[in-house]
Amino acid sequence: MEPLEPLQHFLPQVWFFILGLFLFLYILLDGFDLGVGILSLTASSEERRSILMTSLGNVWDANETWLILMGGSLFGAFPLAYATILNALYLPAVVMVVGLILRAVSFEFRENADNKLVWNIAFGVGSFLAALGQGFALGSVFEGIKVDQAGHFAGGVWDWLTWRSVVVALTLIQGYVLIGSTYLILKTTGDLQKTYYKTATIATWTTLVGALFITISTPIISGEARTQLFAAPLIYIFGLIPVLGILFIGLLLRSLYQRQENTPLVYTFLVFCLSFIGLGFVIFPNIIPPSVTIYQAAAAPSSLVFMLTFIGFLIPVVLFYNVYNYVVFRGKIINQE
């Protein structure tokens, strides 16, 4: 056995977990402010829209830190995957970036604008576009990316656009609306809070329908996923995830019906966590589904160890900053309606 052979097997797994952590934290944290941005398009008055924007004012830019960390880590740890995935998902990535730029520009300009309508629309549309681009990127995970023997992209520019990727994108948008609604339940009061109890209930059902369709159709359509998930011991874990998911959805609906404030967001986080664990089981050990593994795409062990030294220091710092940010700016946004 070569001296570096154990590291060549272990380090890609570590980095797969780290990238999954970054992606999960981004979806969880930036997901609610994308959801709030989408919901701002339906706000009935400028005062209500201002409350929504105020609820994000001190946290939304920190949430996107995890996306930057994930992109940089993917480039360093799995350079082949970085190049191939961005090549395959060039258009969804452009849509997402345009959406994020629109959000950032409109959020800042809106504060000093006399006519806020244009920037209000730009913020909502930017949030929708960012979520849509991410949804199509996620859909490509289930569809798979065509590569040649060297692992380079060998498909067409529109391969990411299929009917299943549309369903995945719409489901992710509904998931963002759900988590945004439960966040606003926590931050608002009065009639505005009642509005988001309603939107959270609707989004719970629409997200559930989409999630059930994705869960059932993936092993039916994908032979690789079917072979992996229906083999012991993964079949027992994969069978448990939908059961727990239905349980958490039921608890979420009950908490919304009982007009609880804190628990809807907690149950939504748990639903997202289960969905993410299921996605991990579908993908692993691939980094470019369905054929390129983390071991084939990983950088040299020395590079992975070097990066791990800095990331190991950076993760606690960023986590502390996020936690501190939310603790300082906790509490309700005053509704003067």
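The values are calculated or read from the model by the stated rules, or taken from the named source; none is laboratory data. The model shown is predicted, which means the values in this text are computed figures rather than measured ones. So basically every Cβ, Gly included, is an ideal-geometry build from the backbone, and we count neighbours across all protein chains shown. Each accessible area value is taken on the protein alone, full model and side chains, heavy atoms only, with ligands, DNA and RNA left out. Shrake-Rupley method; radii C 1.70, N 1.55, O 1.52, S 1.80 Å.
Under the rule that an exposed site lies in a DSSP loop and has at most 16 other Cβ atoms within 10 Å, name the longest stretch of the chain with no trypsin sites (Lys or Arg not before Pro) of that kind, not counting the sites themselves.
Values: sites that count: Lys146, Arg259, Arg330, Lys332.
Longest site-free region, per DSSP loop and neighbour criteria: 1-145.
Please list Tyr183, Tyr321, Tyr236 in order of solvent-accessible area, largest first, computed with a 1.4 Å probe with all protein chains present.
Details: Tyr183 15, Tyr321 115, Tyr236 160 Å².
The ranking, largest first, comes out as Tyr236, Tyr321, Tyr183.
If a/c stays under 1.5 just call it rounded; otherwise compare a/b with b/c (prolate if a/b is bigger, oblate if not). Do that for the range 59-158, with a ≥ b ≥ c from the square roots of the Cα gyration tensor eigenvalues.
Details: a/c = 3.50, a/b = 2.10, b/c = 1.67.
Prolate is the answer for the range 59-158, as a/c is 1.5 or above and a/b outweighs b/c.
Carbon-plus-sulfur fraction of the accessible area of the chain, 1.4 Å probe, in percent? Each step should come with its number before you reach the end.
Details: 11730 of 16420 Å².
Reported share for carbon and sulfur atoms: 71 percent.
What number, rounded to the nearest 500 deg cm²/dmol, is the helix-based mean residue ellipticity at 222 nm of the chain, given -39500 (n - 2.57) per DSSP H run of at least four residues and division by all its residues? Display every interim value, and only then the final one.
On the way: 14 runs with 265 residues, N = 337.
That calculation yields -27000 deg cm²/dmol at 222 nm.
Short version: ³J(HN,Hα) in whole Hz for each residue of the range 50-64, in order, from phi by Karplus 6.51 cos²θ - 1.76 cosθ + 1.60 (θ = phi - 60°), x for Gly and Pro, what are they?
5, 5, 4, 5, 5, 5, 9, x, 9, 10, 5, 6, 5, 4, 6
Where the Cα atoms of the range 104-224 are projected onto their three principal axes, how long is each span, largest first, in whole Å?
Result for the range 104-224: principal-axis Cα extents of 56, 32, 19 Å.
For Val292, list long-range residues whose amide hydrogen, built 1.01 Å from N in the peptide plane, is under 5 Å from its own amide hydrogen.
Those qualifying (amide H under 5 Å, at least 5 residues apart or on another chain) are Ile287.
Quickly work out the Ser217-to-His9 label distance, labels modelled 7 Å from Cα along the C-beta direction, and quote it in nm with one decimal.
Result: 3.8 nm between the two label points.
Pop the C-beta distance of Val327 and Asn262 into the FRET formula with R0 = 22 Å and round what comes out to the nearest 0.05.
Values: r = 15 Å, r/R0 = 0.67.
About 0.90, to the nearest 0.05.
Please compute the per residue accessible area over the chain with all protein chains in place, 1.4 Å probe, rounded to a whole number of Å².
Details: 16420 Å² over 337 residues.
Result: 49 Å² of accessible area for each residue.
Suppose every Lys and Arg Cβ carries +1 and every Asp and Glu Cβ carries -1, with no other charges. What dipole size does the chain come out with about its Cα centre, to the nearest 20 debye?
Numbers: 15 positive and 18 negative charges, 164 e Å.
Dipole about the Cα centre, nearest 20: 780 debye.
Using label points projected 7 Å from each Cα along Cα→Cβ, tell me how many nm separate Ile241 and Trp205, to one decimal.
2.6 nm
What is the log10 of I(q)/I(0) for the chain, computed with the Debye formula using one identical point scatterer on each Cα and no solvent, at q = 0.07, 0.13, 0.14 Å⁻¹?
The computed values of log10 I(q)/I(0) come out as -0.30, -1.04, -1.20.
Could you run the Karplus curve 6.51 cos²θ - 1.76 cosθ + 1.60 with θ = phi - 60° over the range 99-106 and give me ³J(HN,Hα) per residue in whole Hz, x for Gly and Pro?
x, 5, 5, 4, 4, 5, 5, 5
Once you have a ≥ b ≥ c as the square roots of the Cα gyration tensor eigenvalues for the range 231-337, tell me rounded if a/c is under 1.5, and otherwise prolate or oblate according to whether a/b is larger than b/c. All intermediate terms of the calculation are to be shown ahead of the outcome.
On the way: a/c = 3.59, a/b = 1.32, b/c = 2.71.
It is oblate, given that a/c is not under 1.5 and a/b is not larger than b/c.
Relative to the present Cα-Cα distance, how much length would full extension add between Glu111 and Val97 at 0.36 nm per residue of separation? Please list the in-between numbers first.
Numbers: separation 14, 0.36 × 14 = 5.04 nm, distance 2.21 nm.
So the chain would gain 2.8 nm between Glu111 and Val97.
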